[in-house]
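**Q** Sending over a structure as structure tokens; questions will come in a sec.
Please treat every number below as a calculation from the coordinates, not as lab data. Note that the coordinates shown come from a computational prediction; the quantities given were computed from them, not determined experimentally. Backbone-built Cβ (ideal geometry, glycine too); neighbour counts: all protein chains shown.
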Amino acid sequence: MMKTTTLATSFAVLLCAGGCRQTEKDIGQDTVSDSLQTELPKVFYGHLGENTGMSSLELITDSGDTLSLSKADENSGTYGLILGCITNYTDRYAVTTDDSCTFVRQAVNLSQLSTEWASPRTADYTLRIIPDGRVETQGNGIPPYTSWTLDGNLLLLYRTVSVSEPRMATTATDTAEVLSLCTDSMQLSFKGERYETLYHTKKAE
């Protein structure tokens, strides 16, 4: 990774810290006191910049900021979890950073996640993850999920279930840890008890 001057590094950290505060405000966290903000996860959405390399990740955020992040914690040497193949810089990413916004904890390629997946166990089992947050399922081997969100590398799948009271229903959540993700396959772990490998069929619209 190209060496930068101390002044440039300090400027990048200050820019990133400002981006963190703005992102927290945008998602409704502006009422949280400064003493608690450092405990909140820093999640940024955008696409990769061309300076992304073997040891660094450059993210152009949706708000137009440029974040230069290390893929490893310089203190512990621990590498962040990068899910998805870098095949197109226009792919959307969700990137979770450390508190100081200097290195990547998780980075998920949303464009590769948001596709239609099929299970090899049953030919009619499909899970379609749509970028706007909706989910469509087909087949008897999968619950009727209706929506999804992402928390780091945890894929939260929501479904409606009936309760005892007439005409009443509630939402249940199944949490799947995304262990690997590429253009043709994705491996999920459900609470470490069940593992599922899904294969890409076609791009979700």
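**Q** R0 = 22 Å: FRET efficiency of residue 173 with residue 130, Cβ-based, nearest 0.05? Walk me through the intermediate numbers first.
**A** Numbers: r = 18 Å, r/R0 = 0.80.
The value I calculate is 0.80.
**Q** Could you tally the net charge around residue 153, taking each other residue with its Cβ under 10 Å from the Cβ of residue 153, Lys/Arg +1 and Asp/Glu -1?
**A** Details: positive: 105; negative: 151, 177.
That works out to -1.
**Q** For the pair residue 73 and residue 161, how long in nm is the line joining their label points, each one 7 Å along Cα→Cβ?
**A** 3.5 nm
**Q** Also, I was wondering about something else. Near residue 175, within a Cβ-to-Cβ distance under 11 Å, what is the net charge of the other residues, with Lys and Arg +1 and Asp and Glu -1? Write out the running numbers ahead of the final one.
**A** Details: positive: 191; negative: 151, 174, 177.
Once positives and negatives cancel, what remains is -2.
**Q** Give me Rg over Rh for the stretch 114-203, both radii from the alpha carbons and Rh done the Kirkwood way, two decimal places.
**A** Working: Rg = 13.4 Å, Rh = 13.7 Å.
Radius of gyration over Kirkwood radius for the stretch 114-203 works out to 0.98.
**Q** Over the stretch 114-203, what is the relative contact order in whole percent, taking alpha-carbon pairs under 8 Å and six or more residues apart? Intermediate values should be presented prior to the final figure.
**A** Details: 193 pairs, mean separation 21.4, N = 90.
The normalised contact order for the stretch 114-203 reaches 24 percent.
**Q** Here is a further query. Report the label-to-label distance for residue 201 and residue 184 in nanometres (one decimal), using points 7 Å from each Cα along the Cα→Cβ vector.
**A** Roughly 1.8 nm, to one decimal.
**Q** About the Cα centre of the stretch 114-203, how large is the charge dipole given +1 on each Lys and Arg Cβ and -1 on each Asp and Glu Cβ? Please answer in debye to the nearest 20. Write down the numbers at each step before the final one.
**A** On the way: 9 positive and 11 negative charges, 31 e Å.
Computed charge dipole of the stretch 114-203: roughly 140 debye.
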